[in-house]
Amino acid sequence: MAIDRILKDEASEEKGERARMASFVGAMAIADLVKTTLGPKGMDKILQSTGRGQAVTVTNDGATILKSLHIDNPAAKVLVDISKVQDDEVGDGTTSVVVLAGELLREAEKLVAVKIHPMTIISGFRMAAECARNALLHKVVDNREDAEKFKSDLMNIARTTLSSKILSQDKEHFAKLAVDAVMRLKGSTNLESIQIIKKPGGSLTDSFLDEGFILDKKIGIGQPKRIENAKILVANTAMDTDKVKIYGARVRVDSMSKVAEIEGAEKEKMREKVQKIIGHGINCFVNRQLIYNFPEELFADAGVLAIEHADFDGIERLALVTGGEIASTFDNPESVKLGHCNLIEEIMIGEDKLIHFSGVAMGQACTIVLRGASHHVLDEAERSLHDALCVLSQTISDSRVVLGGGWPEMVMAKEVDDLARKTPGKKSLAIEAFSRALSSIPTIIADNAGLDSAELISQLRAEHQKEGCTSGIDVISGSVGDMAERGISEAFKVKQAVLLSATEAAEMILRVDEIITCAPRRREDRM
């Protein structure tokens, strides 16, 4: 009896087999959930939140889907985490990593069922992952030296990334947008300076890339609509203190005229502040907070363009792009770094007026304006484009490229299979299982396109026995096709991240032999 009393009432523990079952089942369920979104013919999911307003998201981005789920199963949480990390680290391959981990566990489950110890499986998986990575390393192409080829590689990668997303219909257009935007970054992976503005209306093909920076604001009334050779002060300061606010202020006075005096004093303070700001020799003032009418008048009289309430990310980015810094005190003008640009003007996009800064100090800045039918379409387009931008910026820093379309998985699977034949002992079973898990990715791509996966994969395996084979699954024609001809390429970094993260996650879940669930906290009756 004593042994049962270690844990509190209602805490439960599952040992050995049962714990492993629970973690396998959870992880495989998650993998099956996102499995259908893999590949060019993958489907989307609608996520509806239970919160207020029941926000609806339509997406096939693995990380977005998994982030939005409320999951109870601890093993499933591990998979959600690897998809998040994949998203932060390389930006794409979020679905693949979960599916691969799920398949590894599915294989591991069969091995555990025939009494192979999890540690044996893990060491087999480790060897297999190492072998698979080396197999890919031998096959990578690096065209960094040849600018033309490299650019076409980038275009191919962008097309491949976009072809499994909502933008697949206009992937030429968007691949070009993404490559142009990333080329401007000159090799930095900081995507901050690429701004994405979403404006409903028009169709996706109306999206364009604009050199320079667009701020989603209108120019105030009576302000100059166009400023050349702008000196910009970017600030985060309160410009709304020229009136006594009724709420929050408690002033005892004995007549109304006293209130007027206080207001007058406030106004004077405001005027001084504005004078100080104008004293910086600027002709554009961008503030993150409100600017009341009175200071706005003063700015307009001085011919300074004042922009209020610039959105938060926008202002950080504006400071970064124009080479200024965000100021909040204005006593010593010499220490404030002003931003510069050649021209500020108002432009129209669709129904809205926006402010356009061109010729900014930081040459790599640009803005992508997305147009589309509705907010849902735009959000999904932004996610897709973000994936493409991430992958491209990673590729520019690490220019190794592999073919896509299930080709890398087949290459790895073949090498891993050879390794299994050479390895004595029970490990070989685990290595073989790893190879099966790898070839399940092309299988799923084929299944999602409604093709006969068994037939295609066996053809593909036969093809891959030849040296230097470039075959993969061509979902458009529904057969085995040449990936090099089709120009289907992926970034090596993405593939490597998928492989390693999935192996580690599977390993982590395999190591579990006991799940202890804590008792829920009780509310004490305070009577």
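The values are calculated or read from the model by the stated rules, or taken from the named source; none is laboratory data. The shown structure was predicted, so the numbers you read here are calculated from the model rather than taken from an experiment. Note that each Cβ is placed from the backbone with ideal geometry, even for glycine, and that neighbours are counted across all protein chains shown. All accessible areas refer to the heavy atoms of the entire protein, side chains included, with ligands and DNA or RNA removed. Shrake-Rupley method; radii C 1.70, N 1.55, O 1.52, S 1.80 Å.
With respect to the conditions (1) in contact (Cβ under 8 Å) with a residue 40 or more places away in the chain; (2) in contact with a strand residue (DSSP E or B) (Cβ under 8 Å, 6 or more places away or on another chain), PRO442 falls short on a single one, namely (1). Of ASP180, ASP88, all but one fail to be open to solvent by 10 Å² or more (accessible area, probe 1.4 Å), under 28 Å from ILE196 (Cβ atoms) and in the same structural domain as PHE24 (by the TED database); the exception is ASP88.
The test for being modelled with pLDDT under 90, part of a helix (DSSP H, G or I), within 15 Å of VAL97 (Cα to Cα) and open to solvent by less than 50 Å² (accessible area, probe 1.4 Å) does not hold for ALA22. All conditions in (1) under 30 Å from ASP210 (Cβ atoms); (2) at pLDDT 90 or above; (3) part of a helix (DSSP H, G or I) hold for HIS376, with the sole exception of (2). Can you tell me which residue within the stretch 267-318, out of those that are under 13 Å from PHE330 (Cβ atoms) and among the polar types (S, T, N, Q), is surrounded by the most Cβ atoms within 10 Å (Cβ to Cβ)? My answer is ASN287.
Across the stretch 249-266, the qualifying residues are those that are of a type outside the set (A, V, I, L, M) and open to solvent by less than 50 Å² (accessible area, probe 1.4 Å), and the one among them that is farthest from the chain's Cα centre (by Cα) is SER255. Taken over the stretch 476-489, the residue count meeting the criterion of being over 17 Å from ALA446 (Cα atoms), in contact with a strand residue (DSSP E or B) (Cβ under 8 Å, 6 or more places away or on another chain) and open to solvent by 40 Å² or more (accessible area, probe 1.4 Å) is 1.
With respect to the conditions (1) touching a residue at least 24 places away in the same chain (Cβ under 8 Å); (2) in a loop (DSSP other than H, G, I, E, B); (3) of a type outside the set (Gly, Ala, Ser), LYS493 lacks only one, and its number is (2).
Every residue, every condition in (1) more than 18 Å from ALA238 (Cα to Cα); (2) in contact (Cβ under 8 Å) with a residue 40 or more places away in the chain; (3) part of a loop (DSSP other than H, G, I, E, B); (4) not assigned by the TED database to the domain that holds LYS231, yes or no:
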{"residue": "GLU261", "(1), (2), (3), (4)": "yes, no, no, no"}
{"residue": "ALA265", "(1), (2), (3), (4)": "no, no, no, no"}
{"residue": "LYS269", "(1), (2), (3), (4)": "no, no, no, no"}
{"residue": "HIS280", "(1), (2), (3), (4)": "no, yes, yes, no"}
{"residue": "VAL286", "(1), (2), (3), (4)": "no, yes, no, no"}
{"residue": "LEU298", "(1), (2), (3), (4)": "no, no, no, no"}
{"residue": "GLY324", "(1), (2), (3), (4)": "yes, yes, yes, no"}
